[in-house]
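Structure first, then comments.
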Amino acid sequence: MINLYKTDRKILSEISDYEDDIWISMTKPTVEESKFIAEKYDIDLADVRAALDDEESSRIEVEDNYTLIIVDIPSIEIRNDREAYTTIPLGIILVGSAIITVCADDTPVLEAFVDKKVREFSTKKRMRFTYQILYRSCMTYQYYLRVMDRRRTLIEQRIQEETEDADLIDLHELESNLVYFATSLRANGVVLDKLTRYSSIKQYPEDKELLDDVMVENKQAIEMTNIYRDIISGTRELMTTIINNRLNNVMKFLASITIVMAIPTIISGIYGMNVSGKWMPLSDTPYGFGIICGIILVICIIIALVLKKKKMLKM
């Protein structure tokens, strides 16, 4: 799908004809649409469709008549029947008097511009518009990171109650998401660093200031990712330790019950042997059976109290 946009007096409007100073937004473009744009603006077809490959790495290429910038932006996907975060490539092509964006999915990074949530941007100022897209990407990274940290907090609050297998799976998913984010943010940082050194790309002082802001936000997102990943790793270790401790407590409790129950078993086993009754204590005594049961009960209570004092009967 191809959508054409143009700003007039800082107001973004969708247009139907190809003009100068426009933004060409390509979302899930077909091969025919990609060929049309490639032929119209004399761009290599492979560069137009580069961002549609999920494995495409972040990079910047400056050709004779256009500049290709590929960065990773955050995205939401359904993984294991759960909402998870990942990264997808976004291609930005600066050619002639147009800026072309190519992405395999709808993304809130670009939707913010279409929905007019971003102020002070113009399709005529291509480099500034590019940096605003990158800045919006960094802010989206940070927003998703905060959402992931809130999910971790909710899981951590349930640790003292009843830990479920789903919590461990959720922590693993969060940790995987942070790995994707960390890898993509580092690659984006390399691209941003190269943008500061390319003299062939015309930039104004305001553009350079905006690029500095983008680099700062990207570094902050990297730091947030590293911090949250360490915290999640600690939470997972804490949860594993608590689960093991609960298992140990259950095993101790069952062992204590086995010890207590072994006393009646031993005594009843002795009295059940085929020996002469005169050699068995209390065999001829009235109420001997009740007395023996009472002695067994007293011994079991004493052993239970000893085990409880040693915290062996505590679940």
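Given that just one value was derived from the coordinates, which of (1) 74, 18, 15; (2) 30, 28, 18; (3) 32, 22, 18 is semi-axes √(5λ) of the Cα gyration tensor in Å?
Comparing each candidate, only (1) matches the computed number.
Sort Y18, Y180 by accessible area with a 1.4 Å probe, largest first. Can you show the working numbers first?
Numbers: Y18 75, Y180 100 Å².
Sorted by accessible area, descending: Y180, Y18.
Just flag the trypsin sites (Lys or Arg not before Pro) in the range 9-109 sitting in loop per DSSP whose Cβ has no more than 15 other Cβ atoms within 10 Å.
Values: sites: R9, K10, K35, K40, R49, R59, R79, R82; in loops: R9, K10, R49.
Here the sparse-neighbourhood loop sites are R9, K10.
So if R0 is 45 Å, what FRET efficiency would L154 and M261 give, r being the distance between their Cβ atoms, rounded to the nearest 0.05?
Working: r = 42 Å, r/R0 = 0.92.
About 0.60, to the nearest 0.05.
Gap in Å between the Cα centre of the range 80-151 and the Cα centre of the range 23-67?
The distance from the Cα centre of the range 23-67 to that of the range 80-151 comes to 17 Å.
Per the helix-only calculation at 222 nm, which mean residue ellipticity applies to the chain, given -39500 (n - 2.57) for every DSSP H run of n ≥ 4 and division by its residues, nearest 500 deg cm²/dmol? Write out the running numbers ahead of the final one.
Working: 7 runs with 173 residues, N = 315.
One gets -19500 deg cm²/dmol as the mean residue ellipticity at 222 nm.
In degrees, nearest 10, range 0 to 90: what is the angle between the Cα axis of helix 288-309 and the longest Cα principal axis of the chain?
30
Find the accessible area per residue for the chain; the probe is 1.4 Å, ligands and nucleic acids are left out, and the unit is Å².
On the way: 18050 Å² over 315 residues.
For the chain, the per-residue accessible area is 57 Å².
Which shape class, rounded, prolate or oblate, goes with the range 69-195 when its Cα gyration tensor gives a ≥ b ≥ c as root eigenvalues, a/c under 1.5 marks rounded, and past that a/b bigger than b/c marks prolate? List each step's numbers first, then the result.
Working: a/c = 2.75, a/b = 2.41, b/c = 1.14.
Note, shape of the range 69-195 comes out prolate.
Among residues other than K124 whose Cβ falls under 10 Å from its Cβ, what is the net charge (Lys/Arg +1, Asp/Glu -1)?
On the way: positive: K6, K125, R126, R128; negative: D8, D20, D21.
Neighbour charge sum, excluding K124 itself: +1.
Ignoring ligands, DNA and RNA, what percent of the accessible area of the chain is carbon or sulfur (1.4 Å)? It would help to have the intermediate numbers written out before the result.
On the way: 9840 of 18050 Å².
Carbon plus sulfur share of accessible area: 55 percent.
The values are calculated or read from the model by the stated rules, or taken from the named source; none is laboratory data. The structure presented is a predicted model; accordingly, all values stated were derived computationally and were not measured. Neighbour counts run over all protein chains shown; Cβ positions are idealised from the backbone, glycine included. Note: accessible area is taken over every heavy atom of the protein model, side chains too, but ligands, DNA and RNA are not part of it. Shrake-Rupley method; radii C 1.70, N 1.55, O 1.52, S 1.80 Å.
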